[in-house]
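Please read the structure below before turning to the comments.
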Amino acid sequence: MQSRKTLRTGRIGAFATVFREPRYIAIALLGAIAYYFVYFIIIRASNYGIFLITVPLYLIYAIAATSGILLALSAFSIAKSLLSLKAGTAGGIASAFIPSVGSMVATCACSYPILGSFLFFLGVNAFELSSIVSVISQYELEATFLIVVVNMLLLFYYSGRIARAEGLKHAGKSPFRVKIKRL
Amino acid sequence: MASTRSKSPRPATRPLRQESRHNPPSAIAIAALILSIFAIVIALYAVYSSIAYEQLNMQKLAASTNTSVSAPHPTLAGIDTPLNNTELSTINNASDSYFEIAGQMYLNGSIANQVLPNYVTLPNGSFVANGKQSVIYLGSITCVFCGENRWAMALALSRFGNFSKLYKGYSAIHDSDVPTLYWNASNYNISAGMDTGSFYSSKYVNFIPFEDEAPITGGFSIQPLQTMQGFVNQTGNSTKISAFNFILGLQNNANTLFQGTPYTIWGNAMFAGADAVDFGNSTPTGATLALSSMTHADVLNQLRTPNDQFAWTEYAAADMYIAGLCKSLNNTAPVCSLPAIVMLEKK
């Protein structure tokens, strides 16, 4: 009789669980490539068709890579229903939102038509926009680095949730089980 | 009555029989973690290298500003050095034929670089001071597009007046460090400032430049409009204050919003951005700009005897500004009668 085995999953185990399936590796890779192209297109559109970046290129690579991995974790959690649909979707949205924000920061150069249009759409006026751009331009490198850190924290968070949910599942418990006091 | 009911012994909670098998992480999972750690290391290295590069540039700046030391490009060699008479003559005495040829090249599609004749006619008229139309420029010494566009601006303005002085400058080191012209000797290593001076005179137009100043060894940087206004107000110059207020007044119109530098007004024509993208003989495909490898002498030599796309694009970009201004001047300046300018005005 095969006893139930419990997969003692930590965060490393969560990654192991996710990337054991080739489709999630593909999702991570394709997501990273897609997010890099988001950067590429937005930066070119803001700089008269020139890929003119003002932050180190490897930071952009780091954002694209971590966002791709985050997308894979989110897809896994939704597919396996490990977390609530809302939580898994939030991770997927975050993985897409963060590169978009990063591209706005990285493309904050002399001309910022896309960032300006986006902020005007949100109701920011020209004076407020110039103040925002002034701050972004001064702390562009730090802001881009912070975006990488945020992605890493999200990876840490979602891998932990997947690990806990996987651990509960293999222990025969529902990941949504509420603790019931035994009297 | 006391309860005699005895509690039934709680059934022993059967511990879960857990047979834990520790599954070591797969190679793929380890690779994914390594990738993430790599991303952190790269990010940390990027910050470190930027700090180190900044320090190195400060050392180079200190060396290059020593007039007895000639530092090679792409450092800030010769920054704030006035153009000599020969160099100034390249701008002031450029042949009208160059403007005509470049204009015809643009009209027949022979210009390889982007020339962007997209200007907006100001809805409430132009800024007039001392009975003259005005050319108002708002830019930043740290801005790479301002850097490449000042050559075309200087050529355009030379058709309506004369520069007694121009200065050698650069865009920010972390913003491609292209050689450019400054309208005035710039404070390129102060934390924040505004330069509003120039050595331009004309009987047709006022030239009112507003150049945001920030450390040239950094990246692109610009002050908020309100901060710039504060600097301008400190000048006490009523024409400059009014001109900047004119710019601020345009921010209520969606078509004339300030969305980056350069932001120029040529009479009744407002150009939101550079009117050409001229970093070499063709539009760059990557982040490497040919112009950043050129010296001021290289640029001036090409403008003196234009025979490549870079030079012709500069003259074509100047033609766009000239055409925009000529409309406001009712074509009173001689350059406005050039056939190419006449055709550009009609476009």
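The values are calculated or read from the model by the stated rules, or taken from the named source; none is laboratory data. Source: prediction; values computed, not measured. Every residue, glycine among them, receives a Cβ derived from its backbone with ideal geometry; neighbour counts consider all protein chains shown.
Odds and ends about this structure:
- In the range B:160-177, the residues that are assigned to a loop (DSSP other than H, G, I, E, B) and farther than 20 Å from residue B:213 by Cβ: B:160
- Within the option set B:308, B:298, B:278, being closer than 30 Å to residue A:54 by Cβ and either touching an Asp or Glu at 6+ places or on another chain (Cβ under 6 Å) or not assigned by TED's automatic domain parsing to the domain that holds residue B:91 (or both) holds for one residue only, B:278.
- Residue in the range A:82-135 that is nearest to residue A:165 (Cα to Cα), counting only those that are in a loop (DSSP other than H, G, I, E, B), within 14 Å of chain B (Cβ to nearest Cβ) and at pLDDT below 70: A:107
- Flag for residue B:239 being touching a strand residue (DSSP E or B) at 6+ places or on another chain (Cβ under 8 Å), surrounded by fewer than 22 Cβ atoms within 10 Å (Cβ to Cβ), in contact (Cβ under 8 Å) with a residue 40 or more places away in the chain and within 11 Å of chain A (Cβ to nearest Cβ): no
- Only listed residue being farther than 27 Å from residue A:52 by Cβ and within 11 Å of chain A (Cβ to nearest Cβ), chosen from B:226, B:234: B:226
- Looking only at residues of the range B:244-268 that are small (Gly, Ala, Ser) and buried (at least 23 other Cβ atoms within 10 Å of the Cβ), we find that the one that is nearest to the other protein chains (Cβ to nearest Cβ) is B:260.
- Strands (runs of 3 or more DSSP E) completely within the range B:193-248 that count 2 or more residues being aromatic (Phe, Trp, Tyr) and within 22 Å of the chain's Cα centre (by Cα): B:199-202, B:205-213
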